[in-house]
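These notes are about the structure you will find just below.
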Amino acid sequence: MRRILYLSPILSLILSCVVVSASAQQSTPSAATKVRTYSVTVPVAPSPIPPLPPAHPVTAEQVHEMMQLTGAANLMKQMLDSMMPSIRQSMPPYIPPDVLDDFERSLSGADFEGAMVRVYQAHLSTEDAVQIIAFYKTPAGEHLLAVMPEIAKDSQVVGQRLGQQVMREVLQRHQAEIEAAKEKYEAQSTPSPAQTPPAAAPDALLSLSGSGSKSTQVMDVPDEWSLSWSYDCSDFGNEGNFQVYVLNSDGSPAAAQGVNQLGNSGSDTEYFHQGGKLYLEINSECNWTIQVLR
């Protein structure tokens, strides 16, 4: 299991880098973006006092040797290579390819091993490292390293099967509750007469009502125009986001800043001084109405 112990912090470090990058790229075009968070209060036991770092921490050379023996360095590169296609697909479509190419090069060149040295020095001593390295060079240690990929693969299969079995049992226990929740959700999702889009005024380019996420058609907007909006989260049962992004026809962010609200309800009119072929992206859990006026 030592190999897993070595690779877990490395994988966490890589995934943290990826999550930060993807979150930054997928944030709204506006610098004033508000991100909705959920706060859950959970009783937490007092954290145990962390152990003191060893008097003689493991050296960088020892960490390097352990990573070489366990194959961590090669596996780290394989993980990076396998994650990049998913990272590229998760990015918004307007992100230029050269930005992702730069991210891949920079991530590949990052000093992960140097970061791991500092982690291991907080927990392992030089004496620990001597014994660990010696073990990996024994027949038993070499055998453990050889079979660990198969153990990890089999463990994943067993874990997936167990998780599916537990999920089926939970769904069966809550079948009536789930059916009731489904019926309530479908009833609330059916547009009511009050949600019928209002008739467009003579000077209106667009009038639209709904809930959830939606992209409008591309509009030829004059240099001076306004966006009237309102939202109501009473059906959602909690505060909700209401965001309107103003985008160029090619999907890139327009200079005009959209709407970014978090609350139970609200309404206002925004005025813009940039025209062209634009469209709007609406993102909200609540019921909303927008109108684009010349």
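The values are calculated or read from the model by the stated rules, or taken from the named source; none is laboratory data. Computed from a predicted structure; not experimentally measured. Methodologically, a virtual Cβ is constructed for each residue, glycine included, from the backbone with ideal geometry; neighbour enumeration extends over all protein chains shown.
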Q) What are the residues in the stretch 107-129 that are closer than 29 Å to Arg88 by Cβ and touching a His at 6+ places or on another chain (Cβ under 8 Å), if any? A) Glu113
Q) Just one of the numbered conditions (1) in contact with a Lys or Arg (Cβ under 6 Å, 6 or more places away or on another chain); (2) at positive phi is not true of Gly71; which one? A) (1)
Q: Name the residue, out of Ser189, Ser215, that is at pLDDT below 80 and either touching a strand residue (DSSP E or B) at 6+ places or on another chain (Cβ under 8 Å) or farther than 17 Å from Thr289 by Cβ (or both).
A: Ser189
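Please indicate, with yes or no, whether at least one residue in the stretch 239-253 is farther than 28 Å from Ile95 by Cα, in contact (Cβ under 8 Å) with a residue 40 or more places away in the chain and hydroxyl-bearing (Ser, Thr, Tyr).
No.
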Q: Counting only residues that are more than 26 Å from the chain's Cα centre (by Cα), give me the strands (runs of 3 or more DSSP E) lying completely in the stretch 239-294 with at least 1 of them.
A: 265-272, 276-284, 287-293
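Yes/no per residue for (1) modelled with pLDDT under 90; (2) hydrophobic (A, V, I, L, M, F, W, C); (3) under 30 Å from Met79 (Cβ atoms); (4) in contact with a Gly (Cβ under 6 Å, 6 or more places away or on another chain):
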| position | (1), (2), (3), (4) |
| --- | --- |
| Ala129 | no, yes, yes, no |
| Ile132 | no, yes, yes, no |
| Phe135 | no, yes, yes, yes |
| Glu142 | no, no, yes, no |
| Gln160 | yes, no, yes, no |
